[in-house]
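What follows draws every value from the coordinates through simple rules; no lab data is involved. Nothing here was measured: the structure is a model prediction, and the numbers come from that model. All Cβ positions, even for glycine, are placed from backbone atoms using ideal geometry, and neighbour counts span all protein chains on display.
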Amino acid sequence: MAKSETTFLCSDCGWSGEKWYGRCPNCGEWGTVNEYHPPKNTLSHSKNSHSVQRSSLPVTNSDDLVHRVTDFTDNNMKSQMRLQTGFAEFDRVLGGGIVSGSVILIAGEPGIGKSTLLLDTANHIAQTTNKVLYISGEESVSQIQMRAQRIHALSDHLLLASTTNLETALTLLENEHPDLAIIDSVQTIMSNDNEGISGGSSQVREVTRSVISIAKNFNIPTLLVGHVTKDGSVAGPRTLEHLVDVVCQFDGDPQTALRMLRATKNRFGPTDEVGCFDMTDDGIKEVADPTGLFMSDSNLPSDGTCITFTREGHRSLPIEIQSLVTTSVLPTPRRAVNGVDSSRVSMLVAVLYKHAHIRLLDKDLYISTVAGGIAKEPSVDLAICCSLGSAASGCPIDHTTAILGEVALTGEIRPLPYIEQRLVDAQRMGFTTFIIPMRQVIRKEERFKSLTIIRVATLAEALRALHLTTRFNHQGR
Ligand code: TYD
Ligand code: MG
């Protein structure tokens, strides 16, 4: 039996339900839930001239549409050639450059440097006599010019436009037919035909769909900027990400000038590459060899410090953990922790005593991460133990060694998720030795042939591998 078809839809997060709410039950936004009437005919529904044009394409001759896979001979492949961005790091993340007609989403937190990266990229590409159109919905043309001057991106073939109107942006793309288009950002462009709020998910989806349609029909590779919310998703729901060909996350530690670019989805290349950049006063520079950026200023390893990799959203971050162990003069020894989980530290102190014979129960312990880093996931357990073991024994751990693994109450070292991502990043940053759990499975391990990977089954084994226990016994407790 046919039911009542009234549906309510949140214009911000895309939630749908049969009841109206003043506040969306999914995203919590006020006044975004509206009655939704499904279009009778989705093909002819949109007033957007581009959609109409597409829907009216003759579909009579299937020969026009169907091709053999072998039709792509070398000549045909020319149209598939990739545009080099001028940043070897960027090209590598994309899988060798920008594929023609592809739409790439560059997602990142506001202020991280997306506009700077793309303006620099636009300049590199324009310098090789390619026409680049940079459309900004965030800044006026004079503001973009000022930025371009600052970063010396002053190429004749770089065209600038400032608009927040989707239809104007699409017309510009059609008329100018550039070799590369940049739209900054998808949240600031609005369609007249869409009733959703600016930057809301229905507007963002409409803008993305229309840009993709133009990019594919006119073969214009397009870089689309998308601001991410605090939880790391683009425009609330991830609905946008499946529409585009490539999604690149651009993020970095606000404390440093280091920025990392990685593809989290790539129809034309790998998703486990990471590109490193440095935000300088005159633009963004690629960092081909980021060794040393995460080390503390001293080049000499000192006892009590060790490095691990944590995972945050799509990125993994190297975190240096420092420990100081001193004899306590208090009835209850002091435990001061910063950036690590204090209840886990208590547990690890007990495990160190029980399974590695390192007695810290009556010592004052100070454990901290460098530069306010957060290392609260279980996979940093082993690094905390090794840092404590190093501080207690007075034996330093080499700065090119990274330590990964969760410590169980039995003293066993348990596997951790996303090891490959952490290894790729650590390898790129110049780490050479990894202490990892014995039972850890690594996909395509042959990629890491040049690294020394030491597998340990127990906490005691890990401490032995780092030569911490011998020294500890000599120094006494
Ligand atoms: P921006 O590219 O505008 O960030 P997004 O587009 O991701 O919002 O970069 C903003 C920050 O970058 C701003 O705080 C200033 C800094 N910056 C530099 O450090 N060097 C530069 O050359 C430029 C243009 C900006
Ligand atoms: Mg910007």
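Odds and ends about this structure:
- Average projection, convex hull of the Cα set of region 125-205: 5.4 square nanometres.
- Over region 82-286, Cα pairs under 8 Å with separation of 6+ residues give a relative contact order of 29 percent.
- Highest average first, the peptides 128-138, 168-178 ordered by how many other beta carbon atoms sit within 10 Å of their residues are 128-138, 168-178.
- Taken as Cα centroids, region 378-445 and region 81-119 sit 32 Å apart, rounded to the nearest whole angstrom.
- Cα pair count fraction exceeding 20 Å, expressed as % - region 326-466: 47
- Above-threshold pairs, the threshold being 26 Å between Cα atoms, out of LYS114/LYS444; LYS354/LYS376; LYS265/LYS285: LYS114/LYS444
- P(r) for region 82-286, from all Cα pairs and a bin width of 5 Å, is 1, 8, 17, 22, 23, 17, 9, 2, 0 %, short bins first.
- Cα centroid separation - region 331-355 against region 159-189, whole Å: 56
- Of all aspartates and glutamates in the structure, those lying under 12 Å Cα to Cα from LYS19, and not within fewer than 8 positions of it along the same chain, are GLU5, GLU35.
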